[in-house]
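J.: First the structure, then my questions, so here it is.
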């Protein structure tokens, strides 16, 4: 803006549509953070008087609450998070699996390891004694989360396409190829 004003003075043309004898007023909002804000205001006013005396600039302070800088809620432990996309990586052979769950993450992990006999992870671990002995809940981690089921399906499809997991043998997923 200062460069624009200096150019206008040299070309005798005001880009804001005002005659050069009448300066428009510009308002700038600064965050008030104590004494440093007052010092900054004085320095800006000094620079304006020194280089752009005809320019009318008003500095306005805004306040903020400390609570806006910090979350007031504790983070949810990863085991209790739901609507997540997660990845399993076998500790022995590095075979991986990507999926989604709307359950608590820890519940779904337990199902894969011990209960869900139809699970690709369960089948993989049952087929190899070495994989079964080395794999634990530490082989699972959350890749992403979503707020709606539709978002969750999209994110799962994106991560499956990105990771190309060996253990995924899903027949249905969201097709990401869009034709226009």
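J.: Against the definition (crowded, with 17+ Cβ neighbours inside 10 Å, free of Cβ contacts under 8 Å to residues at least 60 places away in the same chain and closer than 15 Å to residue 137 by Cα), how does residue 104 come out, yes or no? Explain how you work it out, then say what you get.
T.: Working: crowded, with 17+ Cβ neighbours inside 10 Å: yes; free of Cβ contacts under 8 Å to residues at least 60 places away in the same chain: yes; closer than 15 Å to residue 137 by Cα: yes.
Judged against the criteria, residue 104 is a match.
Yes/no matrix, rows are residues, columns are (1) at pLDDT 85 or above; (2) outside any strand (DSSP E or B):
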{"site": "6", "(1), (2)": "no, yes"}
{"site": "18", "(1), (2)": "no, yes"}
{"site": "30", "(1), (2)": "no, no"}
{"site": "40", "(1), (2)": "yes, yes"}
{"site": "57", "(1), (2)": "no, no"}
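J.: Which members of the range 59-88 meet the condition of being assigned to a strand (DSSP E or B) and farther than 18 Å from residue 24 by Cβ?
T.: From the range 59-88, those assigned to a strand (DSSP E or B) are 59-62, 84-88; that's our starting set.
Result: 61, 62, 84, 85, 86, 87, 88.
J.: Let me ask another. When the range 111-143 is examined, which residues are found to be outside any loop (DSSP other than H, G, I, E, B) and surrounded by 18 or more Cβ atoms within 10 Å (Cβ to Cβ)?
T.: First, the residues of the range 111-143 that are outside any loop (DSSP other than H, G, I, E, B): 111-115, 120-127, 129-134, 137-143.
Matches in the range 111-143: 112, 113, 120, 121, 124, 125, 131, 139, 140.
J.: Of the residues that make up the range 116-126, is at least one under 22 Å from residue 81 (Cα atoms), in contact with a strand residue (DSSP E or B) (Cβ under 9 Å, 6 or more places away or on another chain) and without any contact (Cβ under 8 Å) to a residue 40 or more places away in the chain?
T.: Yes, the range 116-126 contains a residue that is under 22 Å from residue 81 (Cα atoms), in contact with a strand residue (DSSP E or B) (Cβ under 9 Å, 6 or more places away or on another chain) and without any contact (Cβ under 8 Å) to a residue 40 or more places away in the chain.
The values are calculated or read from the model by the stated rules, or taken from the named source; none is laboratory data. Note that the structure is predicted; figures quoted are calculated from it, not measured. Note that each Cβ is placed from the backbone with ideal geometry, even for glycine, and that neighbours are counted across all protein chains shown.
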